[in-house]
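The values are calculated or read from the model by the stated rules, or taken from the named source; none is laboratory data. Because the structure is a prediction, the values reported are computed rather than measured. All Cβ positions, glycine included, derive from the backbone under ideal geometry; neighbour counts span all protein chains shown. When the accessible area is computed, the model is the full protein with side chains, heavy atoms only, and any ligands, DNA or RNA have been set aside. Shrake-Rupley method; radii C 1.70, N 1.55, O 1.52, S 1.80 Å.
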Amino acid sequence: MNDFILVGENRKKMRKQFSPSDEDDSHSDILSSSRSSFHNWWRSAKEFDENGNLKLDYSNLITDLTPRLKVIREMERLALIATDGLDDLRHKLLSYKSGDFWLPTGGIKKEDMEISPIMTILLVGFSGAGKSSIINLMYSVLGRSGLIPFTQTSGVSSEYTTMFMEEHNVLRSMRSGFCVYDSRGLDYSQLGESLEGLNNWMVTGIHHHQLCRRPGVEENLTGPIMPSTSRFIRRRVNCAMVVVNIAEIYKALLKGDSKPLESTKDLFYSPSMRKSNENPILIMTHSDKLTVEERIDGRIKICEFLGISETSGTYDIVCLTEHGILADESDPITAYALTEAIYRALIFSDRTHSPKTNYKDYFSNILNLIICFIAGIFTYLAHFFSQLADPNKLKRM
């Protein structure tokens, strides 16, 4: 009997030893509160009380929509659907095949459209914008790769920059219907040359390990250079995403320097970008380096200057958490926003397909060229004989 009592007492001691104490619970609550404040950062704005509840009447979010309230409403939308909607949206991307989001237009059937087997999304932006970090986050959120970085970022070394085009299968699936390309950061001081290079990518296409040339830089390269090869498939860019460092732009504006913002507008409205998509998707990064008020104000200022919506097609994505690790599913709002951005890019991509060229089109094009050539000859002959028939010219002769 005493043995049973001793066993019972030992079990109680073991439960107390291994069960979480009140101190552990309080520490867990602090961590949970810290995560919540990091993920729901906008609820620290003046429109919310200390408990994170909106002070305004929700009807104001519909009737009296200022740009600031639009941003808050958009963040509330993402928070509302992020947890339950992420898996559903991820499944749509996993099962996506090129052309799935195509809609009939102009009376042409889908089988009559020229649809490439892989849709190509290109990330463009200036140096330090966070393109490579976005790629790593895509792998983490969509490819379930955990915290493994698949591409080096400028955060590892201030002198590092992407030298070659890199094609990424962020789903890590053999059946993936799209790929994402990381490109070299553009240069504020050589904007003209940078936009010329971008136009070349958009017109002629891109391929894996393609050297990203920048005028006057190749001579300064050190270390082994990975040779570019034409054996990789050249892909047509279907959609381009513009990645901007909102902290860099906003802090420059505070100092009276508008060059980063003006250069972003030149990039955003460059003919090659607008050809891909009339309103390119805008990804804002590094916003965690700003205060809540600066974060909202910076987003509004950038969107107003670009003449685009503060919400539709614009995403505030933090690549790293407050602990310096990838913001994967631990931050469902960021994860969902990134997934929705890719989903939107694929919808835009499936609008860029062109009808297949058949034999009638070839014959019609050749016939048009012949007619234009003959018309040019007759125009020249008419001009030549009119000069001969000019009486003033005959008198001078």
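Determine, yes or no, whether Lys92 is among the basic types (Lys, Arg) and at pLDDT 90 or above. Don't jump to the end; show me each part of the working.
Details: among the basic types (Lys, Arg): yes; at pLDDT 90 or above: yes.
Criteria met by Lys92.
Quickly run through the range 74-105 and pick out the residues that are more than 18 Å from Pro332 (Cβ to Cβ) and open to solvent by 80 Å² or more (accessible area, probe 1.4 Å).
Matches in the range 74-105: Lys97, Leu103, Pro104, Thr105.
Can you find even one residue in the range 270-284 that is among the acidic types (Asp, Glu) and either modelled with pLDDT of 95 or more or not in a loop (DSSP other than H, G, I, E, B) (or both)? I'd like the intermediate steps shown before the answer.
Kept after step one, since they are among the acidic types (Asp, Glu), are these residues of the range 270-284: 278.
Among the residues that remain, those that are also either modelled with pLDDT of 95 or more or not in a loop (DSSP other than H, G, I, E, B) (or both) are: none.
No, because not a single residue in the range 270-284 is among the acidic types (Asp, Glu) and either modelled with pLDDT of 95 or more or not in a loop (DSSP other than H, G, I, E, B) (or both).
Of the conditions (1) exposed (fewer than 15 other Cβ atoms within 10 Å of the Cβ); (2) assigned to a helix (DSSP H, G or I), Ile135 satisfies every one except a single condition; which number is it?
(1)
Suppose we keep only residues that are at pLDDT below 70 and among the polar types (S, T, N, Q) within the range 353-397. Which one would you say is nearest to Gly107 (Cα to Cα)?
Checking each candidate, the answer is Asn358.
Identify the single condition in (1) in contact with a Leu (Cβ under 8 Å, 6 or more places away or on another chain); (2) part of a loop (DSSP other than H, G, I, E, B); (3) at pLDDT 90 or above that Ala129 does not satisfy, given that it satisfies every other one.
(1)
Considering only residues of the range 275-308 that are more than 22 Å from Ser133 (Cα to Cα), of a type in the set (A, V, I, L, M) and under 18 Å from the mean Cα position of the chain (by Cα), which is most open to solvent (accessible area, probe 1.4 Å)?
Across the range 275-308, the extreme among qualifying residues is Ile308.
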